[in-house]
1. Given Cα pairs under 8 Å that are at least 6 residues apart, what percent is the relative contact order of region 1-159?
2. Can you compute the helix-only [θ] at 222 nm over the chain? Use -39500 (n - 2.57) per DSSP H run of at least 4 residues, normalise by all residues, nearest 500 deg cm²/dmol.
3. In terms of modelled amide H atoms, which long-range or inter-chain residues lie less than 5 Å from the amide H of residue 291?
4. Return the distance in nm (one decimal) between the two label points of a simple spin-label model at residue 311 and residue 240, each offset 7 Å from Cα along Cα→Cβ.
5. Does region 19-71 come out rounded, prolate or oblate, given a ≥ b ≥ c as the square roots of the eigenvalues of its C-alpha gyration tensor, rounded meaning a/c under 1.5 and, failing that, prolate meaning a/b above b/c?
6. Using only Cα atoms, tell me the angle between helix 120-129 and the longest principal axis of the chain; keep it within 0 to 90° and round to the nearest 10.
7. Using alpha carbons only, how many degrees (0 to 90, rounded to 10) separate the axis of helix 406-424 from the longest principal axis of the chain?
8. Which of 284, 353, 390 sits closest to the plus end of the dipole of region 284-417, meaning its Cα is farthest towards the positive end, when Lys and Arg get +1 and Asp and Glu get -1 on the C-beta?
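The values are calculated or read from the model by the stated rules, or taken from the named source; none is laboratory data. Since the structure is predicted, the reported quantities are computational estimates derived from the model, not experimental observations. No Cβ is skipped: glycine too gets one built from the backbone with ideal geometry, and neighbour counts run over all protein chains shown. These area figures cover heavy atoms from the full protein model, side chains too; ligands, DNA and RNA do not enter into them. Shrake-Rupley method; radii C 1.70, N 1.55, O 1.52, S 1.80 Å.
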Amino acid sequence: MLAKVLSCAVIGLDGVLVAVEVDVLSGLPAFSVVGLGDAAVHESRERVRSAVRNSGMSFPMRRITANLAPADLRKAGPAYDLPIALGLLIATDQLIADVSDAVFIGELGLDGTLRHTDGILPMAAVARSHGISTIYVPAEDAAEAALIEGLRIFPVRSLRDLIAHLSGERPLRPYTGTTGFTPAPPGGAVDFADVRGQEHVKRALEVAAAGGHNILMSGPPGAGKTMLARALHSILPPLSFAEALEVTKIYSVAGQLPRDTPLIRERPFCAPHHTVSTAGLVGGGSRVRPGMISLAHRGILFLDELPEFGNRLEVLRQPLEDRIVTLSRAHGSITYPASFMLVAAQNPCPCGWHGDPERTCTCSPALVSRYQRRVSGPLLDRIDIHVEAPRVKYDKLSSLAPGEPSSVVRERVIAARQRQIERLNGHPRCRSNADLGPAEIRTFCALDQAGQSLLKSAVQRLNLSARSFHRILRLARTIADLAGAEQIAAVHVAEAIQYRPRQVE
């Protein structure tokens, strides 16, 4: 007897329909799973065997072959346990049911219970795109699957419950949870009002948030660089529903979606330690998974002690430029989104006190030079804002005067982002000022006469490169947006010039 049950695989962030074919023949007892599966797929034989028996059904002592088609597509994970078990029961006439118009996903425990499965969101999306309206998933994953509209979702707690439902004995109720979207309330680990002093740095962070620009903070230990980076998260604009789905899909595939959070509603903040591996940073591994730069998609990637990352930083150059990361392997290439704000912090030297007016640096000039060269010029060129974070004076630290709260700054950032959305008007590549290329800069970055004169003087006196010229215009456009100005003025250009790196370009 032959039975066919539909399931799904995940390749990168995209789901693919998989036909699970189960054939039961006479002969010596054997159970084979074919179709280019990994170790977790082949181990499903033992899970299915025990789950079927512990669900009150009989496991046939015959020759069983389960084929996962298409056979040239790599399958990974335990999501095929449920469709294999269901196909086996239908093929042996222990269950009479029509399952041709439904998708089944889930890992089985030895007692027949269904467990959480990664990647439910892209699987549900591909089922809907193929016109399939019914999907059976583990009960705790039903809320995640419900994010895809137009699906009839059945939460399944055990194989026994699914058998009773399909046989008509005890029908399951479709999932009816609420799927309305409301952004996460404003907040963050640190409020701007809690940061004393560093007004220049806070202004630079506001500009970065308003235009989606990358930023590098340099200063001695204890100046508040990490605190400022965490405060930046509190002034970012809220996620839209489309952005929230993008982020949730990444976390679902990576297996890092919290069980009680079917939809991520706030922008990610990822802060990997400088000992992170290359695969951990950009993605990869034996079973390819998204890395930290993809987990930071639509949010912040914070790299503290930037020079300590060493040569691993070079892998960021392509994602910073293209907003995606492509991982090529012998069996194919996988592309993950990586549109993040890079927020970096560094000390000026190994001891941290180079250039400090009150403490003496213990590093030799050669050591300071080697330390600063750990971050390559091409990577620094992709950072729009370079700002110094000096030591905070006592009168600032002891002041009781309240600082400007994040909620106020956030409103200015949201207004500036809204101006960019209206200006770009659905541009296929640009979502913020940080994405503007030379063609868009010519179109959207018009300067008044005074601004043109100032920028011309800066290019000549500072010997600016073409990349630096475009960087200043992008920043000036964002500063003008914060001020509500349609045309870039000299004052906006002057502030943008302040954020250029100190090195001679």
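1. Reported as a whole number, the value is 26 percent.
2. -10000 deg cm²/dmol
3. Excluding prolines and chain starts, which carry no amide H, the hits are 283, 284.
4. Simple spin-label model gives 4.1 nm for this pair.
5. Note, shape of region 19-71 comes out oblate.
6. So the inclination is approximately 70 degrees.
7. With rounding to tens, the tilt is 80 degrees.
8. So the residue furthest toward the plus end is 284.
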